[in-house]
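Notes to accompany the following structure.
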Amino acid sequence: MFCLWAVGLRAQGEGDSLEVSLLTCSAGEEVYSLYGHTALRVRDKGGGWDVVFNYGVFDFRSPHFVWRFVLGKCDYMVTCMPFCHFVEGYLGRGSFVVEQTLGLTQREARRLLDALEVNVLPVHCTYRYNYLTENCTTKVRDKIRASLEGRLVLDTVTERRTYRQLMSECTEGHPWARLGDDLLLGADCDTLLTPWASLFLPFRLAKGLDGARVRDASGGLRPLVRETRTLANPYAQRPIETKHITPRAAAWLFLIICLVVCVIEVLTRRQWWWLDILVMTGIGLSGCLLCFMFFFSRHPAVGSNWQIWLFNPLPLVCVPWVAAQALRRRYCLYHWLNIVIMAALLLFFHWIPQHFSEITLPLALGSLTRSLSYLLSYTRR
């Protein structure tokens with residue numbers, strides 16, 4: 001409803017006073033907000049209205065939201081709201097907002113506003129979310145380029161990066177969130193991006209457009225960003241940093257425990273088979289999630305994940321067999337199978353075209369150690 005009211009104001013206040021700004025909001029503490037946010041501010045300095053178009057709206061209360069998100073079938077919305085309400089929400093939580101006023105001509109600004117007004121109509125306001133190519137940042141990025149009456153020239157001096165490398169910059173200081181990205185995202189995230197494709201994250205877009213130029217038909221260049229300012233709440237308190245064990249520390253601790261237990265088992269000729277059950281259950285449950293995403297999710301890059309070599313449901317399926325054989329004191333062939341699989345993974349580890357998570361190597365070594373310990377202990381009986 002507010003958007004239609006804003007459209008009415010624009011119709012009353014046509015003039016050469018449209019101004020468009022790119023708004024880039026810093027990260028919050030929630031996992032979904034670690035990457036920041038992007039929006040567009042459009043105001044008519046003569047007409048008096050000032051609105052923000054926000055492509056990052058979603059509703060947790062919508063039916064089966066989490067399930068649809070996991071499947072890659074989640075829809076986001078674009079909405080229109082007063083600038084004061086939008087910026088107060090981010091400043092109130094302690095974020096800061098960088099505003100880059102764009103050097104658009106009035107024809108370009110009107111073209112952009114027309115496109116935005118069409119997008120917020122009920123029949124067009126939803127879009128299928130994709131965290132790499134269809135998100136709040138890429139939507140704004142594409143709208144800006146489509147409104148230009150010249151060719152956008154980016155500064156390509158910076159080193160080319162991958163999706164994973166750029167996302168890792170946003171999860172700096174949040175090791176468990178980074179682990180989630182590295183576990184779920186496959187080899188497709190490790191290809192080098194073009195300069196345009198790399199502008200899929202809020203502050204990456206802000207930095208890219210800051211050095212961009214627009215080349216007109218006569219060959220002249222003009223800067224895309226005319227002015228930059230930062231809005232911040234001086235009374236916002238910084239969150240207290242808490243120290244937690246990191247995924248890397250936990251994984252290498254697990255490997256050390258496996259090695260110590262292996263020595264104990266060999267010396268005592270007794271098997272801690274219950275530890276095998278715990279390890280197989282943990283890896284198997286993680287593997288169920290990765291394999292589900294691999295085969296059924298429409299999210300990009302999850303279908304090229306080589307880590308299912310380690311994280312797959314096979315250990316979980318074999319838990320009853322291993323437990324039954326241990327209780328009957330019978331030999332179990334599962335450990336030979338696991339040795340072959342883990343040895344193959346470790347052999348080709350550095351040649352697989354994917355950046356593995358920091359826990360994959362120690363967990364693979366730990367799983368291999370458990371199976372080798374079983375064979376050593378069994379043969380020494």
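Key figures
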{"quantity": "Those residues of the stretch 30-60 which are more than 15 Å from LEU102 (Cα to Cα), among the polar types (S, T, N, Q) and either outside any helix (DSSP H, G or I) or at pLDDT 90 or above (or both), in sequence order", "calculated": "ASN54"}
{"quantity": "Residue within the stretch 142-162 that is touching a His at 6+ places or on another chain (Cβ under 6 Å) and either touching a residue at least 40 places away in the same chain (Cβ under 8 Å) or hydrophobic (A, V, I, L, M, F, W, C) (or both) present", "calculated": "no"}
{"quantity": "Selected residue (criterion: modelled with the highest pLDDT) from residues of the stretch 149-179 that are small (Gly, Ala, Ser) and in contact with a helix residue (DSSP H, G or I) (Cβ under 8 Å, 6 or more places away or on another chain)", "calculated": "SER168"}
{"quantity": "Residue in the stretch 11-24 that is of a type outside the set (Val, Ile, Thr), open to solvent by less than 20 Å² (accessible area, probe 1.4 Å) and at pLDDT below 75 present", "calculated": "yes"}
{"quantity": "Inter-residue pairs, beta-carbon under 8 Å, first at negative phi and in the stretch 191-218, second in a helix (DSSP H, G or I) and of a type in the set (S, T, N, Q), 6+ apart", "calculated": "LEU199/THR137; LEU199/THR138; PHE200/THR137; PHE200/THR138; LEU201/THR137; PRO202/THR137; ARG204/THR137; LEU205/THR137"}
{"quantity": "Residue selected from the stretch 70-113 under the condition under 30 Å from PHE294 (Cα atoms) and touching a residue at least 60 places away in the same chain (Cβ under 8 Å), by the criterion surrounded by the most Cβ atoms within 10 Å (Cβ to Cβ)", "calculated": "VAL78"}
{"quantity": "Some residue of the stretch 261-276 being under 28 Å from CYS74 (Cα atoms), hydroxyl-bearing (Ser, Thr, Tyr) and open to solvent by 40 Å² or more (accessible area, probe 1.4 Å)", "calculated": "no"}
{"quantity": "Single match in LEU285, LEU255, LEU289 (criterion: open to solvent by 70 Å² or more (accessible area, probe 1.4 Å), modelled with pLDDT of 95 or more and part of a helix (DSSP H, G or I))", "calculated": "LEU285"}
{"quantity": "Identity of the residue in the stretch 349-381, closer than 30 Å to ASP181 by Cα, in contact with a helix residue (DSSP H, G or I) (Cβ under 9 Å, 6 or more places away or on another chain) and aromatic (Phe, Trp, Tyr), that ends up least open to solvent (accessible area, probe 1.4 Å)", "calculated": "PHE356"}
{"quantity": "Residue among LEU121, LEU104 that alone is over 23 Å from the mean Cα position of the chain (by Cα) and closer than 30 Å to GLY219 by Cα", "calculated": "LEU104"}
{"quantity": "In the stretch 315-333, residue most open to solvent (accessible area, probe 1.4 Å) [restricted to those that are in a helix (DSSP H, G or I) and touching a residue at least 24 places away in the same chain (Cβ under 8 Å)]", "calculated": "VAL317"}
{"quantity": "Candidate set: the stretch 258-273, residues that are part of a helix (DSSP H, G or I) and touching a residue at least 12 places away in the same chain (Cβ under 8 Å); chosen: the one nearest to SER357 (Cα to Cα)", "calculated": "CYS258"}
{"quantity": "Positions within the stretch 334-348 being in a helix (DSSP H, G or I) and surrounded by fewer than 18 Cβ atoms within 10 Å (Cβ to Cβ), in sequence order", "calculated": "TRP336, LEU337, ILE339, VAL340, ALA343, ALA344, LEU346, LEU347"}
{"quantity": "Count of residues meeting criterion [of a type in the set (Val, Ile, Thr) and touching an Asp or Glu at 6+ places or on another chain (Cβ under 9 Å)] in the stretch 145-194", "calculated": "2"}
{"quantity": "Qualifying residue in the stretch 45-53 (condition: open to solvent by less than 10 Å² (accessible area, probe 1.4 Å) and in contact (Cβ under 8 Å) with a residue 60 or more places away in the chain)", "calculated": "yes"}
{"quantity": "Of the criteria (1) part of a helix (DSSP H, G or I); (2) at pLDDT 95 or above, which one PHE311 fails", "calculated": "(1)"}
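Every residue, every condition in (1) acidic (Asp, Glu); (2) at pLDDT 95 or above; (3) more than 33 Å from the chain's Cα centre (by Cα), yes or no:
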site: VAL322; (1), (2), (3): no, no, yes
site: ARG328; (1), (2), (3): no, no, yes
site: MET342; (1), (2), (3): no, yes, no
site: HIS350; (1), (2), (3): no, no, no
site: SER367; (1), (2), (3): no, yes, no
site: ARG380; (1), (2), (3): no, no, yes
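The values are calculated or read from the model by the stated rules, or taken from the named source; none is laboratory data. Owing to the predicted nature of the structure, the values given are computational and were not obtained by experimental measurement. Note that each Cβ is placed from the backbone with ideal geometry, even for glycine, and that neighbours are counted across all protein chains shown. Remember, those area values only see protein heavy atoms, side chains included, never the ligands or the DNA or RNA. Shrake-Rupley method; radii C 1.70, N 1.55, O 1.52, S 1.80 Å.
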